[in-house]
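Student: Here it is, the structure in full.
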Amino acid sequence: MSLAAQSLSSLRRQLTAGEISSRDIIEDAVSQISARDGEIGAFISSESKTALTEADEADLSLPLGGLPIAIKDNINVQGSPCTCGSKFLSGAYTSPYDATVIKNLRAAGAIPFGRTNLDEFAMGSSTENSGIQLTQNPAAPGHIPGGSSGGSAAAVAGNFIPAALGSDTGGSIRQPASHCGVVGLKPSYGRVSRYGLVAFGSSLDQIGPLTHTVEDAALLLNAIAGVDPRDSTSLDAEIPDYTEGLDQGVAGMKLGLPKEYFTHGIDSQVRERVESAAKALEAQGAELVEISLPHTEYAIATYYIIAPAEASSNLSRFDGVRYGNRTENPKDMLSLYTDSREAGFGSEVKRRIILGTYVLSSGYHDAYYLRALKVRTLIKKDFVQAFEKVDAILTPVAPDAAPKMGAASGDPLKHYLADIFTISANLAGNCGISVPLEPVDGLPVGLQILGPHLGEQTILRCARAVEVL
């Protein structure tokens, strides 16, 4: 097995034992990317020279010392391009600073290596909306890797890199993790700083890890979690060691099965895999409890009002004036704005800007945006009440396994419905993880485990129990 295909914990043991060097891992990753990523398209760019220099200087006494981590290309890394998968920024922007998660990774000894592909500005669930390139699913070429963190999931699943960071606004870590057969963790809102993440939906976005194992996800969360004075939404809460207690099992746990997540529209084999995993956990001593999350049916509509509204506001900064590509020879200031945005943004980004601007406009704000905020509160209350009865909630990640590329072309609603099981956790601010199950017809499938706000230890413990089934 190549070094890049191994888990962080395995590599860490070999590094500290002196069996391998950090340079060995980086060189293996470079070799794997050079040989095979031309077919997969997980990486937009990689700076191997810088990574090798950092590898030679790595402090192996640190928790992630000498270990390379790929970075989704909407997280700022000083001195590296940050394209957000958009023509607007491609070749036109180099980050002048490190995001807080990058500073935290460096403080833990990790080496940021490579920028991974994504749906443009993280808007999509297939990575087909990237303005840079397409990304194939390494587990099933010809199928989507999921999105928007499809490049990060593909980089790990393709064994190009031991782990990666992604961002999750409505399922963008968990869904590609499920489709590619890796572990994907969305932390609770506020658990990880968003400073340096190019904002899509500021009240929804969270940065999290994609890894080979649950233990690796815990290791990375240890490194990136914490309060940050640069992010007023980050929480000043105690940070436990997330690797502790992973193998305690689920005996005595109450695990909820929400009836709204097991209705029509789910592939029968996906449902069977999820229910089989639940029964296996029951056999280990967990108690299965049927619960209800009654406002789930409104989650899609609520999300696709709030998220585009926030995107419309956040993307107003991309005007062709301060940074990014701009139109040549504009007639006046207005055409500078409009022509730059017309040429720079892809169709999905434009669609969401238009929708978001509409729901925020005078005369429609109360009818759409304000009402969506009220429904969001009801969705959050559903979870609060559910977690009074159960420790964690088990659901599918997506209605089916990874579709073929182009299957939803020209049908944005079909893309939006792919997030039906993941977006509620973002609306409520809860944590969630996808852990691989037995594939369906050769295609990876994940189990979603949802926990209460700051309940990462519980879902990691439960995910570990699924991992060792």
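Student: For the stretch 133-168, how many residues are closer than 16 Å to P436 by Cα and aromatic (F, W, Y)?
Tutor: 0
Student: Separate question: Select from the stretch 13-49 the residues that are more than 23 Å from the chain's Cα centre (by Cα) and either at pLDDT below 95 or not assigned by TED's automatic domain parsing to the domain that holds T83 (or both) and list them in ascending order.
Tutor: Across the stretch 13-49, the qualifying residues are S48, K49.
Student: Could you count how many residues in the stretch 195-206 are buried (at least 24 other Cβ atoms within 10 Å of the Cβ) and of a type outside the set (A, V, I, L, M)?
Tutor: So the count comes out to 3.
Student: Considering only helices (runs of 4 or more DSSP H) fully contained in the stretch 304-395, which possess at least 1 residues that are under 21 Å from the mean Cα position of the chain (by Cα)?
Tutor: Details: elements: 333-344, 347-360, 371-386.
Passing ranges, in order: 347-360, 371-386.
Student: List pairs: first in the stretch 108-127 and without any contact (Cβ under 8 Å) to a residue 12 or more places away in the chain and on the phi > 0 side of the Ramachandran plot, second β-branched (V, I, T) and not in a loop (DSSP other than H, G, I, E, B), Cβ under 8 Å, 6+ apart or cross-chain?
Tutor: none
Student: Right, another one. Those residues that are buried (at least 22 other Cβ atoms within 10 Å of the Cβ) and not in a loop (DSSP other than H, G, I, E, B), I need them from the stretch 56-97; list them, please.
Tutor: P68, I69, A70, I71, K72, I75
Student: Given A108, A140, which one is surrounded by fewer than 24 Cβ atoms within 10 Å (Cβ to Cβ), hydrophobic (A, V, I, L, M, F, W, C) and either over 29 Å from L443 (Cβ atoms) or in the same structural domain as I305 (by TED's automatic domain parsing) (or both)? Spell out the reasoning first.
Tutor: Details: A140 fails: either over 29 Å from L443 (Cβ atoms) or in the same structural domain as I305 (by TED's automatic domain parsing) (or both).
Going through A108, A140 in turn, just one is surrounded by fewer than 24 Cβ atoms within 10 Å (Cβ to Cβ), hydrophobic (A, V, I, L, M, F, W, C) and either over 29 Å from L443 (Cβ atoms) or in the same structural domain as I305 (by TED's automatic domain parsing) (or both): A108.
Student: Still on this model: Grab the helices (runs of 4 or more DSSP H) fully contained in the stretch 401-469, keeping just those with 1 or more residues being of a type in the set (D, E), within 20 Å of G170 (Cα to Cα) and assigned by TED's automatic domain parsing to the domain that holds A140. I'd like the intermediate steps shown before the answer.
Tutor: Numbers: elements: 412-417, 423-428, 456-467.
In the stretch 401-469, 456-467 are the helices (runs of 4 or more DSSP H) which contain 1 or more residues that are of a type in the set (D, E), within 20 Å of G170 (Cα to Cα) and assigned by TED's automatic domain parsing to the domain that holds A140.
Student: Can you find a residue in the stretch 356-369 that is in contact with a helix residue (DSSP H, G or I) (Cβ under 7 Å, 6 or more places away or on another chain) and surrounded by 23 or more Cβ atoms within 10 Å (Cβ to Cβ)?
Tutor: Yes, the stretch 356-369 has at least one match.
Student: If you don't mind, there's one more thing I want to ask. Just need a number here: residues in the stretch 251-279 that are surrounded by fewer than 15 Cβ atoms within 10 Å (Cβ to Cβ) and in a helix (DSSP H, G or I).
Tutor: 4
Student: Looking at this structure, is R115 more than 21 Å from S10 (Cβ to Cβ), charged (D, E, K, R) and in a helix (DSSP H, G or I)? Show your work before the answer.
Tutor: Details: more than 21 Å from S10 (Cβ to Cβ): yes; charged (D, E, K, R): yes; in a helix (DSSP H, G or I): no.
Against the criterion (more than 21 Å from S10 (Cβ to Cβ), charged (D, E, K, R) and in a helix (DSSP H, G or I)), R115 does not qualify.
Student: Under 6 Å between Cβ atoms, at least 6 apart or on separate chains: pull out the pairs that start in the stretch 261-276 with a residue that is within 19 Å of A465 (Cα to Cα) and of a type outside the set (A, V, I, L, M, F, W, C) and end on any residue that is surrounded by fewer than 19 Cβ atoms within 10 Å (Cβ to Cβ) and at pLDDT 95 or above.
Tutor: R273/E438
The values are calculated or read from the model by the stated rules, or taken from the named source; none is laboratory data. This one's a predicted model, so the numbers in the text were calculated from it and none came from an experiment. Because the Cβ atoms are built from the backbone with ideal geometry, glycine has one as well, and the counts that use them run over all protein chains shown.
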